[in-house]
Every structure is written in C-alpha cells, then in structure tokens.
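Undergrad: Dumping the structure here so I can ask a few things about it.
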Amino acid sequence: MEKLLDHQVALITGASSGIGSGVAQALANAGAAVVLNYHSHGEAAEALADKIGKAGGRAIAVQADVADPAQVEKMFDACRKHFESVDIVIANSGVQKDNAFTDMTLDDWKAVLATNLTGQFLTTQAAVKEFRRRGPRPVSKALGKIICMSSVHELIPWGGHVNYAASKGGIQMFMKSLAQEVAPERIRVNSIAPGAIRTPINKDAWDTEAALEKLLKLIPYGRMGETEDIGKAAVWLASDESDYVVGTTLFVDGGMTLYPGFADNG
C-alpha cells in the first residue's frame, strides 16, 4: 500500500533524540528516505538510521552544527550525494540554557538564539535554494515543504527562559514571513508548536508522580504528549493531504494554549 511520503526525501535537524528522533521515525514509517542530522550524540543518530534500514527504510546520519553556514551546506551536499535532493525539511534543532534573567549570561543568550533561530534561518535558506535548483518533482504537489519546529512558548511567556521564549517567538514571524515570500513558488512553509512532550530534556517535569500531577494541571486534555504525536502531525503537514496549508502554526499541545488557569474564573 502506498504511503503518504513514498519516494520523497526528508531532512530532519536535531534528529538524534527527543522530538527530532520521533519525527524522523514517523516520516520513515510514511515512506520517506530520511537524513538524520545531529550535532552531538552521533551514536544515537546512527542507531536510528540502522533501525530504519532494518525495517526496510532508507536513512543516513549526518553531523552538522546548524548555526554554521559551511556545515549546513555540507549537510545538504550529503542529501544530494545519497538521495539526489530533498523534498521535506524539518528545522527542529533546539537547545535550552535556562536561568533567571539577571543571571543569564550573554553566552547563554547567544547560544540559544544561534541554534534555535539562526539555525532555522540557515537550514531553511539552504532548503529554498535546493528546491529552486532541482525544480518540481512528481512525488509532491509542492516544490518543497518546510516545517519549523516551534513551541507553545511562541505564544505563552516563560519566566526563567527568556532566551528560549524569544527564539520561539522569533520563529513565529520568521516562518510566516518566509511562507508569504515563497508561497508563489509552491514552497509550503509551516510550523509545529509542541506543548509538554515526554522527552529526556524535560524529564524533571514528569518523572515523579508529584511532578506529573503538577504538569497535568496545565494540560486540559489530561495527558502528556509523546513524540509520536508530533511525528504524526509532521507527516500530515509534509504530505499532499495538507497542500492548502501555508504559513500556519499547528499547536500540538493537549490544549495548553487555552490558558487552563482561567477555566474556573469566567
């Protein structure tokens, strides 16, 4: 049976763990050949590529720092070398370096903006150039698909995390402005904004009963998200099923952005 992303190639940055790994697995399950970018944790990326290959898919792992233009170019060179081109780019790489505002160092501010925002700029800029270079392909109605990984914190303020929240707020207008610019070329740009997703980076928020109970007060739907939830959303946004969806942020958050603290204060 044909799958939604058969014969397409997807590049996922930050694919060695967490949401990136879950998205990569979902796209591979949907038929895409996947390029798994990682900055560190190469063993995890190679293990995922091996797992996908053993299941009958196609995958390679590629090291690159998305904040470095030369390394981003080498990452796209690897896509061309192994799979001729790329149809789907998921700009997922992200870091957190949290601190109270007056204790936050300039280095921590710059590091988060470099990966979370500049990294998306460089990755998507290279993607648009590649889509234009290779022209239309019969595997997709769009010339190319870009998905920026944002967060509910593009909308919800987050004290103690001003660098992270600023980066995600920046992604919102970056994505929309880019989508507006390239939509006439049939390049679709959208974002996914995850809420609380069960990953190692936020383990302190869910690995005890008390912590999970506190977290669930912020989620009207009553459960944490899993990486599979984001993966399914990414498959849909990357497929022709969403061909008329352009410049939209898809919140996958169990209702976190509904401000549940106001539920009984109407």
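Undergrad: For n ≥ 4 DSSP H runs only, could you compute -39500 (n - 2.57) per run for the chain, divide by its residues and tell me the 222 nm figure to the nearest 500? Spell out each step's value before the answer.
TA: On the way: 8 runs with 105 residues, N = 266.
One gets -12500 deg cm²/dmol as the mean residue ellipticity at 222 nm.
Undergrad: Between Val89 and residues 5 or more places away or on another chain, which pairs have amide H atoms under 5 Å apart, with H built 1.01 Å from N, and which residues are they?
TA: When sequence neighbours closer than 5 places are left aside, the close amide H contacts are Leu11, Lys145, Ile146, Ile147.
Undergrad: Peptides 11-19, 52-60, 190-198, 66-74: what's the order by average Cβ count within 10 Å, highest mean first?
TA: Numbers: 11-19: 27.2, 52-60: 15.6, 190-198: 23.0, 66-74: 17.2.
Taking the mean over residues of other Cβ atoms within 10 Å, the ranking is 11-19, 190-198, 66-74, 52-60.
Undergrad: Go through 135-143, 117-125 and give me the packing order, highest mean Cβ count within 10 Å leading. Don't skip to the end; give the middle numbers.
TA: Numbers: 135-143: 14.7, 117-125: 22.0.
For the peptides 135-143, 117-125, the packing ranking is 117-125, 135-143.
Undergrad: While we're looking at this one, here's another question. Taking amide H positions as placed 1.01 Å from N in the peptide plane, with prolines and chain starts having none, which residues 5 or more places from Phe251, or on another chain, fall under 5 Å of its amide H?
TA: Correct list: Ala193.
Undergrad: Write down the Å³ per residue value for the convex hull defined by the alpha carbon atoms of segment 2-100.
TA: Details: hull volume 9.4 nm³, N = 99.
Roughly 95 Å³ of hull volume per residue.
Undergrad: Hey, how many Å between the Cα centroid of segment 15-32 and the Cα centroid of segment 217-246?
TA: 13
Undergrad: Follow-up question, since we're still on this one. Under the rule of at least 5 residues apart or a separate chain, name every residue whose amide H is placed under 5 Å from the amide H of Val62.
TA: Leu36, Asn37, Tyr38
Undergrad: Give the carbon-plus-sulfur fraction of the accessible surface of the chain in %, rounded to a whole number; probe 1.4 Å, heavy atoms of protein chains only. Don't skip to the end; give the middle numbers.
TA: Details: 7110 of 13050 Å².
That share works out to 54 percent.
Undergrad: Taking the mean number of other Cβ atoms within 10 Å as a proxy for protection, how do you rank 30-38, 180-188 from highest to lowest?
TA: Working: 30-38: 26.8, 180-188: 15.9.
Ranking, from highest mean packing down: 30-38, 180-188.
Undergrad: Averaging sequence separations of C-alpha pairs under 8 Å and six or more residues apart, then dividing by the length of the chain, give the relative contact order as a whole percent. Could you put the intermediate results ahead of the total?
TA: Numbers: 527 pairs, mean separation 51.8, N = 266.
Relative contact order comes out at 19 percent.
Undergrad: Follow-up question, since we're still on this one. Kirkwood-based Rg over Rh for the chain (C-alpha set), two decimals? Spell out each step's value before the answer.
TA: Numbers: Rg = 18.0 Å, Rh = 18.7 Å.
Ratio of gyration radius to Kirkwood radius for the chain: 0.96.
Undergrad: What accessible area per residue, rounded to a whole number of Å², is obtained for segment 85-234 using a probe radius of 1.4 Å? Working shown, then result.
TA: Details: 7160 Å² over 150 residues.
Per-residue accessible area for segment 85-234 comes out at 48 Å².
Undergrad: So, one more: Which ³J(HN,Hα) values, rounded to whole Hz and listed in residue order, are derived for segment 209-216 from phi using the Karplus coefficients 6.51, -1.76 and 1.60 in 6.51 cos²θ - 1.76 cosθ + 1.60 with θ = phi - 60°, glycine and proline given as x?
TA: After applying 6.51 cos²θ - 1.76 cosθ + 1.60, I find 4, 5, 5, 5, 4, 5, 5, 5 Hz.
Undergrad: Percent of alpha carbon pairs in segment 123-193 separated by more than 21 Å?
TA: 33
Undergrad: Moving to a separate point now. Express in whole angstrom the spacing between the alpha-carbon centres of segment 50-67 and segment 89-136.
TA: One Cα centre to the other: 20 Å.
The values are calculated or read from the model by the stated rules, or taken from the named source; none is laboratory data. Remember, predicted model here, so these are calculated numbers, not experimental data. Neighbour counts run over all protein chains shown; Cβ positions are idealised from the backbone, glycine included. Each accessible area value is taken on the protein alone, full model and side chains, heavy atoms only, with ligands, DNA and RNA left out. Shrake-Rupley method; radii C 1.70, N 1.55, O 1.52, S 1.80 Å.
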